[in-house]
Amino acid sequence: MPIELHRYCMAMACLLANPGTAAAEPVLELNTQTRLRYDSHNNAQLTPGNDYRQGLFRGVLGANLQFSPGFGAYAEVGTGQVAGRRTTASANFQNAASLQQLYVKGCGNIGGATFGVQAGRQEFADGPRQLLSPGDGPNLHRSWNGVRMSLKGERWRIGAYGLRATKLARGALDEEVNHGERLRGLNVSLTTAAEKADGALDAFWIHSRNPALRSGRGSGVDERDTAGLRRSGKRGRLRYDWTVAHQGGHYQNREVSAWALFAVQSLELSGSGWKPRMTARIDVASGGGTYQSGTLRAFNQLYASSAYLGEGQFLGLSNLLMVSPGLSLAPARDVALSAELGLARRLKENEAAYAGGMRAYAGTQNVPGRAIGSLFRLSGTWTASEHLTVNLNVERLAAGDVLKRAKLPSGSYVYIGATMRY
């Protein structure tokens, strides 16, 4: 066991040594996940001729050991395998074996509230998925090392965390704690419920530090405070998830002041038949200041969901205005289909257009125009059984004026996959 994880687990064991009424004996539960996926890339990263096919395999074995109703431990080991471009695959795709999770957990009552804590290596997501997610696209999820706590009442929740990133290597159980890449934050959530409406209002603060963030023409230390509000829920036939966020801090010793708005909503057209819903997403993220002196306005999407703007990673949440109308259908009880067309423009004309992971499209900062392109996305899910799910995803970015003037082509990405859980 890594030294850092050992310390976390020992601290938690002491903290929860008397968690409540003990169970007659510990209970052990095992779980597994296997994902098979076939990817097809055309002009990947909008590089002409960068076409390839790739097979992906994820295998995960987990063990949950419950010592008592209020105290337990969880461990998870994963492997990732790639067929096609195997030698150049990063460690979150090609990995002999990784200790994905190893933490202790406890909960108890404080007055009328429930207190919970997890300490050790763990997957993490909290708040808007446009900012924090486990990262489901690669074979291995992103994991962190540290402590997260929560205090929950009937209509409110307070969460706090302090975490350090896991640095993967491609061998067996050779990952390390990256002490330079850190997250800490707070989240306060208030929930409402009524006969025809319910939802939640979240206020969040995220302090992030990445010592080697690549953006624009270089890399450097990026340290930011992201603060925002999120309103989500449903009212009648309308579902909504709205977030506004501001970032301050420093990148490469330059001051940062950036902002973003994410608005996701859908309207049920019929509750019978194929249950059609009109969908719409509006994504706005500031950009600018990368290539001149002064305050940096480029928004950092942190650890966003890899599926939010498409797993093809054609677009990133920086210097972006994107409107994405769509339609979702449920032709059968176990089948879900959705399609959308996103129209992408850049906010600042003399700033680059961005792909996923804060990667700037080379040359776009030197050409006029605002139209980046249009991103068509089609996705489908078939839940064949409680253990088996099949997914299909098609993405096509048609280059607009900005990309064409920078002599960048259109690109596409397709995958079909199956996930089995036991």
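Laboratory data are not the source of any read-out in this text; all were calculated from the coordinates shown. Source: prediction; values computed, not measured. All Cβ positions, even for glycine, are placed from backbone atoms using ideal geometry, and neighbour counts span all protein chains on display.
Between the Cα long axis of helix 3-15 and the first principal axis of the chain there is an angle of about 50°, rounded to the nearest 10.
In order along segment 227-235, the Karplus-derived 3J(HN,Hα) couplings, from 6.51 cos²θ - 1.76 cosθ + 1.60 at θ = phi - 60°, round to 10, x, 10, 10, 10, 9, x, 8, 9 Hz, and Gly and Pro are given as x. For the chain, the residue among Gly62, Ala227, Gly78 whose Cα projects farthest onto the positive side of the dipole built from Cβ charges is Ala227. For the chain, the spread of Cα coordinates along the three principal axes comes to 69, 55, 43 Å, biggest extent given first. Under a Gaussian network description of the chain, with springs only between Cα atoms under 10 Å, the residue in Ser318, Ser68, Ser189 that fluctuates furthest is Ser68. Two-decimal Rg/Rh of segment 212-319 from alpha-carbon positions, Kirkwood Rh? Ratio of gyration radius to Kirkwood radius for segment 212-319: 1.09. Per-residue 3J(HN,Hα) values for segment 77-85, derived from phi via the Karplus relation 6.51 cos²θ - 1.76 cosθ + 1.60 with θ = phi - 60°, read 10, x, 10, x, 9, 10, 10, x, 6 Hz in sequence order (x marks Gly and Pro). Structural descriptor for the chain: relative contact order 12 percent, calculated from alpha carbon pairs under 8 angstrom and at least 6 residues apart. Under the convention that each Lys and Arg Cβ holds +1 and each Asp and Glu Cβ holds -1, the size of the dipole of segment 3-421 around its Cα centre is about 860 debye. Looking at segment 161-239, the trypsin sites (Lys or Arg not before Pro) that sit in a DSSP loop and have at most 11 other Cβ atoms within 10 Å of their own Cβ are Lys196, Arg217. Note: relative contact order over segment 316-385, using C-alpha pairs below 8 Å and six or more positions apart, is 37 percent. For segment 80-147, the fraction of alpha-carbon pairs lying more than 19 Å apart is 51 percent, rounded to a whole number. When the helices of the chain are scored as -39500 (n - 2.57) per DSSP H run of n ≥ 4 and the total is divided over every residue, the value at 222 nm lands at -1000 deg cm²/dmol. Here is the list for segment 264-324: chymotrypsin sites (Phe, Trp or Tyr not before Pro) lying in DSSP coil, each with at most 13 other C-beta atoms within 10 angstrom of its C-beta, are Tyr291. The GluC sites (Glu not before Pro) found in segment 339-392 that occupy coil by DSSP, while having at most 13 further C-beta atoms within 10 Å, are Glu386.
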